[in-house]
Amino acid sequence: MAKFLGARGKVVRRLDYPVFESPKFASPKKSYPPGQHGNTLRRKMSTYGLQLREKQRMKHLYGLLERQFRTYFKKAAAQGGPTGHNLLIMLESRLDNTLYRLGFAPTRRAARQLVSHRHFLVNDRVVNIPSYLLKPGDVIKVREKSKKMETIHNAMRRITDDTQLPWLDLDKAKLTGVYLAKPQRDEIPEQVNEQLVVELYSK
């Protein structure tokens, strides 16, 4: 499983966006971009720069590398309807992201690791592919032998009624979640401008 191994603090500063869920990277220690001239240069960002930054935000937010992200974009463009909306909905439908949304993992990165280590069932079958795309009606369960994992229980303690999303249903007692339907764009809480990404790839 390919993953980003760079300095996450620098990424957050460069993109000016909390793309990693960890509280450690929620707010940059410095308000200017990294690098030797980060505190001195204040150039106005070009249209291309804005588009590229938005793509980088989405890539890091969902934990994707460039080739993976481009593949998702091509699939989204081949569907009917707005390409940007299709892209976001597809990314939200990934198993690792859904586990994070349900509260089974504290971050998407942690969710990917849990999936890879075979701690979850989808429709009573073990799935160890973080990019697995869920379909409406799919049922996600913690495996019986994994139900006592401290990582999962600590993550579940963060979940309140206010954090529940309309396209997901969670049974905390049974450690079970249901992917009810594909989310609508206005239901997705991430503050990203997917249209800038569409414009970037359309050049």
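May I ask you to say which residue of 179, 201 is at negative phi, modelled with pLDDT of 95 or more and among the aromatic types (Phe, Trp, Tyr)?
179
Can you pull out every residue in the range 77-126 that is buried (at least 20 other Cβ atoms within 10 Å of the Cβ), farther than 20 Å from residue 165 by Cβ and not assigned by TED's automatic domain parsing to the domain that holds residue 171?
If the condition is that a residue be buried (at least 20 other Cβ atoms within 10 Å of the Cβ), farther than 20 Å from residue 165 by Cβ and not assigned by TED's automatic domain parsing to the domain that holds residue 171, then 83 is the only one that fits.
What's the total number of residues in the range 158-174 that are out of contact with any Pro (no Cβ under 8 Å at 6 or more places or on another chain), assigned to a loop (DSSP other than H, G, I, E, B) and farther than 15 Å from residue 100 by Cβ? Steps first, please.
Filtering the range 158-174 down to residues out of contact with any Pro (no Cβ under 8 Å at 6 or more places or on another chain) leaves 159-164, 168-174.
Adding the requirement that they be assigned to a loop (DSSP other than H, G, I, E, B) leaves 159-160, 164, 172-174.
The next check asks that each one be farther than 15 Å from residue 100 by Cβ; those that pass are 160, 172-174.
So the count comes out to 4.
For residue 146, indicate whether it is surrounded by 14 or more Cβ atoms within 10 Å (Cβ to Cβ), more than 20 Å from the chain's Cα centre (by Cα) and of a type outside the set (D, E, K, R). Give the derivation first.
Numbers: surrounded by 14 or more Cβ atoms within 10 Å (Cβ to Cβ): yes; more than 20 Å from the chain's Cα centre (by Cα): yes; of a type outside the set (D, E, K, R): yes.
It is true that residue 146 is surrounded by 14 or more Cβ atoms within 10 Å (Cβ to Cβ), more than 20 Å from the chain's Cα centre (by Cα) and of a type outside the set (D, E, K, R).
Out of contact with any Pro (no Cβ under 7 Å at 6 or more places or on another chain), assigned to a strand (DSSP E or B), farther than 27 Å from residue 195 by Cα and touching a residue at least 12 places away in the same chain (Cβ under 8 Å): does that describe residue 121?
Here the answer is yes, as residue 121 does meet what is asked.
Could you say which residue among 130, 136, 166 is without any contact (Cβ under 8 Å) to a residue 40 or more places away in the chain and touching a Leu at 6+ places or on another chain (Cβ under 9 Å)?
166
The values are calculated or read from the model by the stated rules, or taken from the named source; none is laboratory data. Remember, it's a predicted structure, so these values are computed and weren't measured experimentally. Quick reminder, even Gly has a Cβ in these numbers, built from the backbone with ideal geometry, and neighbours come from all protein chains shown.
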